[in-house]
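Remarks on the structure that follows.
Coordinate-derived values only; no laboratory data. Keep in mind that what you see is a predicted model, and the values were worked out from it rather than measured. When we count neighbours, we look across all protein chains shown, and the Cβ atoms used for this are built from the backbone with ideal geometry, even at glycine.
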Amino acid sequence: MQVIFDLVVYIIPIIGMVIYHNTVELINLGYFLSFYFTFFIPLYNYMVLKIWLKPSPIENKLKAASRLKSYGEVYGKIPANGWYKLLHSHELKNGDVRYVELVGREFALFRGYDGVARCIDAYCIHLGANLAIGGKVIGSCIQCPFHQWTFNGHGEATCIPYSEGKIPSNAKTRSYYITEYYGEIMVWIHKLDSKPDYHLPTQIDFENGNMVHVDYMDTEINMHLLEFVENSTDFAHFQPLHGQMTIPFTPIIIPGLTVNHSPDWKEGKKEKKDENSVNSTEIEELTENDKCYFFDNADLSLFNCRIPGSSASAMITIIGCASVVTFTFKTPIGNIIILQTHTPHNSLIRMNVSFSWFATRTMPRFLVFYIVGNWISQWQNDILIWENKKYILKPLPPVLVRGDGPMNKSRRYVKKFYTFNTDESNNPEENPTSCAASNW
């Protein structure tokens, strides 16, 4: 059925356009293809979401608990410290209030009439009403539906309508650092509620308008966040799982067309090199501590014969513990950046995954569609493994051999985003009311 579907909505129309172009030479084929894909993408994406990118079924509780236990006392019980996506920005309009339950916490997320998104704990410190269920925005504050207490974005009670006395100094709930990152509302999560250890990097091409937003897709899978980082250093899995080309956004293999990978991985550090390259030795000023980088130089083979001129390079920037990832694809006619986010549910073994992609203004949309679709297809190939594996941690570390890739390095890298020592200071004075990367 999948093959028939793609023949009808993908292959046959292209063949028809080529025939039409050759018989009725009215317009340039490139413009015709661009027009077709501009019309076709929304329909195709809708079908993709319904057939291939639909959320994975919720995992059996016993299986999920068994898999989660394999991640140990820290990784299996608390989320990594970092920035996590709560909603797309367009999903929270001025005056909106949303209840969001993710990353093991419950949030009242609201946008004031000043246009600024704010986030505090969902439950009122007065008598426990859920601020996000029936609560409403008053100016830049949220009003409790139970007794109409109002709270600002820092969690402070600003009005108790029936009390003439002074508002108690302890009438304050937990608030969160929020930033809107190129169309995504991101929240900072830390086990000790500490201030952000790092900020999300500025995308210069987004800021100056050289690249524009094209589209996005969301789904849910049964996977732990650590798996994505480890996957980037597991070089031996690339040919078995990612060695064949597929039809964009689908798992349907294109017969005879294979991908040859040459991967590399580095933890962020400062180097002065050519900023226009995506090779691992040519990155300018890689930031310490909060990023690692995966590089892939790949080319294509048709029935085991290398195709000249088919080589391409990609750079994947893993920010923090992979709660935010960017994929940079460079082509002779333009660039593409995919912003991918991973947000665990209360069970850290299930997560929301979001793809949002940007492209050079002049880049043909059908080419953007093809490249992004192939990346998402390759990502899908890992899901079967991720949803059925355990984390080899105890009693012995994994048995690795030459050629596996630098997985020991990636395991050391992720440790910095977890709080192992609970005796660390949590001084409220170190939790400022505004953040350099936020919209407060």
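Details
- Rounded is the label for segment 201-415, because the ratio a/c of its alpha-carbon gyration tensor axes (a ≥ b ≥ c) stays below 1.5.
- Ordering S310, S356, S232 by the number of other Cβ atoms within 10 Å of each residue's own Cβ, fewest first, gives S310, S356, S232.
- Pairs with C-alpha atoms separated by more than 31 Å, drawn from the list K191/K291; K77/K291; K69/K291; K54/K416; K191/K394, are K54/K416.
- Note, ³J(HN,Hα) from phi for segment 373-382, Karplus 6.51, -1.76, 1.60, rounded to Hz, x at Gly and Pro: x, 5, 4, 5, 4, 5, 4, 4, 5, 7
- Segment E73-K409, length gained on full extension (0.36 nm per residue, minus Cα span): 118.9 nm
- Under the combined filter of DSSP loop state and at most 16 neighbouring Cβ atoms within 10 Å, segment 318-377 retains these trypsin sites (Lys or Arg not before Pro): R361.
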